[in-house]
Amino acid sequence: MGKILRTKKLTTLSELIIVIVLLGAILGAVYYFAPGLRVSEAKQLDQLNISKDDVDNVTTAEKIPLPSTKVSREVRNKPLVRIAAYAWNAQSGIIVSNGGPKTTEGSLMEKNGVNLEIVRQDWLSELRNMQMKFIEEFDRGEEFPDADKSAFAIIMMGDGAPFYISTMQQALDDKFGKDKYHVQVVGAVGLSYGEDKLIGPPSWKVDPKSMKGALISTVLGDGDWVTALNYAFANGLKVNPDVTTYDPDAVNFYPSQDDDYIKSAEELIKSQKAGWTVPLKEVKNGKLTGNTINKKIDGCATWTPGDKMVFDQLSGFTDIISTKEFNNQMATTVIAVKEWSVKHPDIVSNILKSALTASNQMKQYDAWSVRASEAVAETYDLETPKYWYDMFKGQKGSKNGIEYNMGGSRVFNYADVMQYYGISDGTNRYKAVYNQVSSYLSELNPFGFNESVKRIVPYDEAVNLYFVKNINDIDAGSAYKSDYTKKADEVMASGEWNINFNTGSANISSSSANTLETIYNLLIQAEDTKLRLEGHTDDTGSAAANYNLSQQRAQAVVNFLRSKGIPQTRFQSVIGKGEDEPIESNATASGKAKNRRVVITLLK
C-alpha cells in the first residue's frame, strides 16, 4: 500500500509521481490564468519613419469679418449641441469658427445656424463618459440631449480613434445591445505638426539604441503613444507590451494617471526632480525574474502645454521625434454618435463647414489667427492668447546648450480634408493611419485590449465621410501634389523588410501580404519623399543568378506599390545587390532568412 494516498493498488513511488504531475498541472494553470504571473514578451515590429508631407492647401477667399466675443442671441432658440475636446491647439479652426466656447455674434457657426458649445476635457475616460451620457439620454427619447457633461461628439487624435472607437463600441454593445448605437469619425478639422512629441534625453536622438530599458509615461492607445512606438520600431527596438513589468532590453511604457496627457509631463517632472519611482516586476525574455525594480520615468509622450511644462522645469531633455516627422499621423478628428448624426446631418455638416471655412481664413489672414488664439485661451481657460498664437506656429528653445521644439499645429480647410481622406486625389491618408494603428493594438494589446473588445472596428465602419461630402457652398480648392521631378539626395529613413518569395522566384508569397500593406500605409504618409529600393538574397545559388533574382524581387515590390497607386516617378532607383551585402552569417538558416530582404530608403 502506498503511504501518500493510502491506496492498495499503488506503491508509494507511483503515488509520488502522480502527486508531482498533479501539482505541476495546478501550478501551470495558476501561472497561466493568474494575473501578474503570466507576462508578455517584448515585441519588435517593422516600421519606417514617416517624414514631412504637406497636406496644406490654401483656397483664395475674401476676408470674412471676425466673430465678436458676445454670445449669439440669434441661435439661442436653436437646439444646443455640445462637443468635448482636449486642450489642443490643432482645434483652433473649429474654436474660432464658434467665436469661443459658446457661439458668438458674427461667428461662422451663427451664420450656419448652429448653437454649439465646446467643452474642454483632458481625460480620455471622461470624453467617453460624456459621449455615453449623451447616448443614454438619446436612448430615453431626448432628440437633443443637453444634460451637463454630455456631448454628441468629441475631438481627439485621429490615430487614437481605433482604440477609442473599438472600446466605446464594445461598451455600447454591452449596455444597449449589439449594434444599436455607434460612434464614427465624421471628419477632421486640423493636424498636429510637431505639437505632439516624444520627450527624452538627447542621447535617444543621437543613439536611439540608448532608449533600451527606458520607462516612458504616456496615455496608452493615444496618438502620442503611437509616435513613441513608431520611433522605437523604426530603430529596431523591442517594446514591452505589459505595463506592470519592466524589461531592461525593451522600451517600457507607464500609463499616465487618469489617461491625462498633462499627467504624462507631470510624472516625468516628479520622477526627475523628486525621485519618484514606479515599482515594476522585472521580466526578461517574457519570463519574470522574481525581482522588483523601482524605476524612474525617463521620458514622456505628450503635447502642448505638456511639452513646455517639461522644458521649463527640467534640464537635459529635448524633443526626440514629433508629428512634424510623422506628419500625417495625427489629424484633429471629430467622432460623433452615428444614430443622432444621421437624423441631423445638416447640423454636423454645418459644424464642419464652419470650421473648415474659418481654417482657410486663418491660412490667409493673420487677424484670424490672432482671434483664434483669443478664442482658444477662453475655451480652455488656460494660458494667454499670445501663448496659443506662438505655440500654433511652433517655438524653439534652448537650455544648457540643448535645443528643443515646442508646439506646432495646422488647421484644415475643405481642400485639405478632401485630400486627407482621398476624396480629391484617391489616396486615403487616414485609412493608412487607421489600419497601421489597428495593427499596433492587435500586436501590443495595451490594457488587455484584445480581451476587452470582441474586434477592432474596421475603417469602413469607423469612418463616415457623408457629412464632409454633404457640405454645400464651399470652395474645395485644388489638392496639393508632390513633385518627384527633382533628384533627392538626403536620406530621411531606411528600413529593412523581410518579404517572403516563393523559392527561387520573384513571386511574393501570400504570407507577406501584411508586411506589404504596412509598407504602403507608411509610404503614402511620406508623399514628399522619393524612394530607393534594394533587393538582397542569401548565398544559395550562383552569384550571377542572385543578382538577377534580387533585382526581380525588388521590382516585384515596386510593382505591388504601383498597383496600389504609388507613381512610377517616385522610384528614384531599383537595384539588385544579390548576395554581396549580408547582414547575418549565411551559415545558419536564420541568418539566410534575414539576408533575404528588401531595403526601402526614403529620400528628399
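Quick one: would you say Tyr231 is among the aromatic types (Phe, Trp, Tyr), assigned to a strand (DSSP E or B) and not assigned by TED's automatic domain parsing to the domain that holds Val433?
On the way: among the aromatic types (Phe, Trp, Tyr): yes; assigned to a strand (DSSP E or B): no; not assigned by TED's automatic domain parsing to the domain that holds Val433: yes.
So Tyr231 fails the test.
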Criterion: within 19 Å of Glu383 (Cα to Cα), outside the structural domain of Asn400 (by TED's automatic domain parsing) and of a type in the set (A, V, I, L, M) - qualifying residue of Val278, Val310, Val283
Val310
Kindly provide the set of residues from the range 105-119 that are surrounded by fewer than 20 Cβ atoms within 10 Å (Cβ to Cβ) and within 19 Å of Glu374 (Cα to Cα), ordered by number.
Glu105, Gly106, Glu117, Val119
Exclusive hit being among the small types (Gly, Ala, Ser) and at pLDDT 85 or above, set Gly504, Gly565, Gly578
Gly578
Take the range 87-102 and flag every residue that is within 14 Å of Trp388 (Cα to Cα) and either of a type in the set (D, E, K, R) or part of a loop (DSSP other than H, G, I, E, B) (or both).
Ala87, Trp88, Gly100
Given the conditions (1) touching a residue at least 12 places away in the same chain (Cβ under 8 Å); (2) in the same structural domain as Phe412 (by TED's automatic domain parsing), which single one is not true for Lys178?
(1)
Given the criterion farther than 20 Å from Lys487 by Cα, more than 29 Å from the chain's Cα centre (by Cα) and not in a helix (DSSP H, G or I), identify the matching residue among Ser550, Ser590, Ser573, Ser585.
Ser585
Which number in (1) farther than 18 Å from Asn327 by Cβ; (2) among the aliphatic types (A, V, I, L, M); (3) part of a helix (DSSP H, G or I) marks the one condition that Ala432 misses?
(1)
Please go through the range 567-599 and give me each residue that is touching a residue at least 60 places away in the same chain (Cβ under 8 Å) and not polar (S, T, N, Q), ordered by number.
Pro567, Arg570, Ile583, Ala593, Lys594, Arg596, Arg597, Val598, Val599
Do we find a residue being among the basic types (Lys, Arg) and under 23 Å from Ile199 (Cβ atoms) anywhere in the range 328-342?
no
Those residues that are on the phi < 0 side of the Ramachandran plot and assigned to a loop (DSSP other than H, G, I, E, B), I need them from the range 104-119; list them, please.
Glu105, Ser107, Asn112, Val114
Within the range 385-408, how many residues turn out to be surrounded by 21 or more Cβ atoms within 10 Å (Cβ to Cβ) and in contact with a strand residue (DSSP E or B) (Cβ under 6 Å, 6 or more places away or on another chain)?
3
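The values are calculated or read from the model by the stated rules, or taken from the named source; none is laboratory data. Just so it is clear, the structure is predicted and the values come from calculations on it, not from any experiment. When we count neighbours, we look across all protein chains shown, and the Cβ atoms used for this are built from the backbone with ideal geometry, even at glycine.
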